[in-house]
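What follows is a set of notes on a single structure, which appears directly below.
The values are calculated or read from the model by the stated rules, or taken from the named source; none is laboratory data. Owing to the predicted nature of the structure, the values given are computational and were not obtained by experimental measurement. Neighbour counts run over all protein chains shown; Cβ positions are idealised from the backbone, glycine included.
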Amino acid sequence: MSNTADLAERLAEIRARIARAAERAGRKADAVHLIAISKTHGADAIAAAIAAGQLLFGENRVQEAEGKFPRLKLAHPALRLHLVGPLQTNKAANAVALFDAIQSLDRPKLATVLAKEMEKQGRRPDLFIQVNTGAEPQKAGVLPGDCEALLKLARDELKLPVVGLMCIPPVDQPPAPHFALLADLARRFNLPQLSMGMSGDFEEAIQAGATFVRVGTAIFGER
Ligand SMILES: *Cc1c(COP(=O)(O)O)cnc(C)c1O
């Protein structure tokens, strides 16, 4: 595991690359938010990132996040945490209680359960609809053609705070067409936020309009 100085240096490098990519795209650097994906890494690595000024994090499992973040959130009230992994309905209550955004809304049943939980808890984390842009059978996310119906249910009927779309392109394909597809859908549905781009392709995602990039390995090292 790396020490604090290494991590701060890698974070600074990623931030500089985000700023340059935004500039190349004719966008403002502060229009792109860096989510540090801390899954599998311990609270000490997260604390090092916080010390380097990083306050936005992402985890892909509810239970793992519950083991690390409640204390960090108490100590750092400005810390924000996004869920970027699939969400089972039986974990929806825990997710609503802990996360500030849930990026994996991908089916009607989950929208209904989240609406009920938000009502009950009086907490309203931002939601992103995850789109399976590559129509991969093993991957979470709503198919592009089903996105509009899910949005109608979640945003218009259930009045959920849907702010944007999220995708994870197939690993064996160039990501740019998937980013473009997601950006097209977001524009069509008038959704301001686009969560796309990881360690290997966040600059291309910024070119295509990403407002949130999700970077793990390039900050924390190999998992
Ligand atoms: C792990 C993960 C990331 C980060 O991936 P890296 O390649 O390590 O940057 C981004 N998004 C999701 C949904 C993830 O699960």
Complete set of residues in segment 38-85 that are surrounded by fewer than 17 Cβ atoms within 10 Å (Cβ to Cβ), outside any helix (DSSP H, G or I) and within 12 Å of the ligand (Cβ to nearest atom): 40, 61
Mind checking which residues of segment 9-30 are without any contact (Cβ under 8 Å) to a residue 24 or more places away in the chain, among the hydrophobic types (A, V, I, L, M, F, W, C) and either buried (at least 17 other Cβ atoms within 10 Å of the Cβ) or closer than 19 Å to residue 221 by Cβ (or both)? 16
Select from segment 1-37 the residues that are within 21 Å of the chain's Cα centre (by Cα), assigned to a loop (DSSP other than H, G, I, E, B) and either among the charged types (D, E, K, R) or at positive phi (or both) and list them in ascending order. 27, 28
Are any of the residues in segment 24-37 more than 23 Å from residue 211 (Cβ to Cβ), among the aliphatic types (A, V, I, L, M) and at pLDDT 95 or above? no
Would you mind finding the one in 160, 181, 114, 185 that is assigned to a helix (DSSP H, G or I), aliphatic (A, V, I, L, M), farther than 24 Å from residue 25 by Cβ and more than 16 Å from the ligand (Cβ to nearest atom)? 114
Which residue pairs have Cβ atoms closer than 6 Å, lie 6 or more positions apart in sequence or on different chains, and pair a first residue in segment 68-96 that is under 23 Å from residue 110 (Cβ atoms) with a second residue that is among the aromatic types (Phe, Trp, Tyr)? 81/57; 81/69; 81/99; 83/99
